[in-house]
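Below: one structure, written as structure tokens.
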Amino acid sequence: MRTPGVGFVGTYQWQPTTKIPSGLHVKGTLRDENNDDGHNVYLRIRVEGYAWGHLTGVQRRHIKVDKVFSDGAVLKTKQVRMHACIDRGSLRPDYCSPERLFSRK
């Protein structure tokens, strides 16, 4: 996932309900690709019918992401939407990469 200023390169895997923690396991690198813009980056994940959850990055750095989203809604759904965004503050809308849909097989 990429948009000017932010990128996420990684993998995802659905953990079975028998594994603790179970849910969507996201692993990779969230990158701030424009160090001089003064904006933070974050990764957004959404299960249909529920609010967006997010994982905040760090300005001017690349962070390793290794998180299992284990919300009860994630355990029951077969689809999750995810994208990487730039937090441009409260007065301007955030830039986000195109939304990607991940489906359970």
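Go through (1) open to solvent by less than 40 Å² (accessible area, probe 1.4 Å); (2) under 20 Å from ARG104 (Cβ atoms); (3) of a type in the set (A, V, I, L, M, F, W, C) one by one and return the number of the condition VAL41 breaks.
Result: VAL41 fails condition (2) only.
Within the range 58-88, count every residue that is open to solvent by less than 60 Å² (accessible area, probe 1.4 Å), closer than 15 Å to VAL6 by Cβ and modelled with pLDDT under 85.
Residues meeting the conditions: 2.
Sort out which residues of the range 1-27 are of a type outside the set (Lys, Arg) and open to solvent by 50 Å² or more (accessible area, probe 1.4 Å), and write them in order of number.
Of all residues in the range 1-27, those of a type outside the set (Lys, Arg) come to 1, 3-18, 20-26.
PRO4, VAL9, THR11, TYR12, GLN13, PRO16, THR17, THR18, ILE20, PRO21, listed by residue number.
State whether one or more residues within the range 10-19 are in contact (Cβ under 8 Å) with a residue 24 or more places away in the chain and among the charged types (D, E, K, R). Break it down into steps so the answer makes sense when it comes.
At the first step, the residues of the range 10-19 found to be in contact (Cβ under 8 Å) with a residue 24 or more places away in the chain are 10, 12, 14-15, 17.
Among the residues that remain, those that are also among the charged types (D, E, K, R) are: none.
No.
Hey, can you tell me all the residues within the range 89-98 that are touching a residue at least 12 places away in the same chain (Cβ under 8 Å) and open to solvent by 90 Å² or more (accessible area, probe 1.4 Å)?
TYR95, PRO98
Considering the range 47-57 alone, what residues qualify as being at pLDDT 85 or above and open to solvent by 50 Å² or more (accessible area, probe 1.4 Å)?
Of everything in the range 47-57, just one residue is at pLDDT 85 or above and open to solvent by 50 Å² or more (accessible area, probe 1.4 Å), namely THR56.
The values are calculated or read from the model by the stated rules, or taken from the named source; none is laboratory data. These figures come from a predicted structure and were not determined experimentally. Positions of Cβ are backbone-derived with ideal geometry, glycine not excepted, and every protein chain shown enters the neighbour counts. Remember, those area values only see protein heavy atoms, side chains included, never the ligands or the DNA or RNA. Shrake-Rupley method; radii C 1.70, N 1.55, O 1.52, S 1.80 Å.
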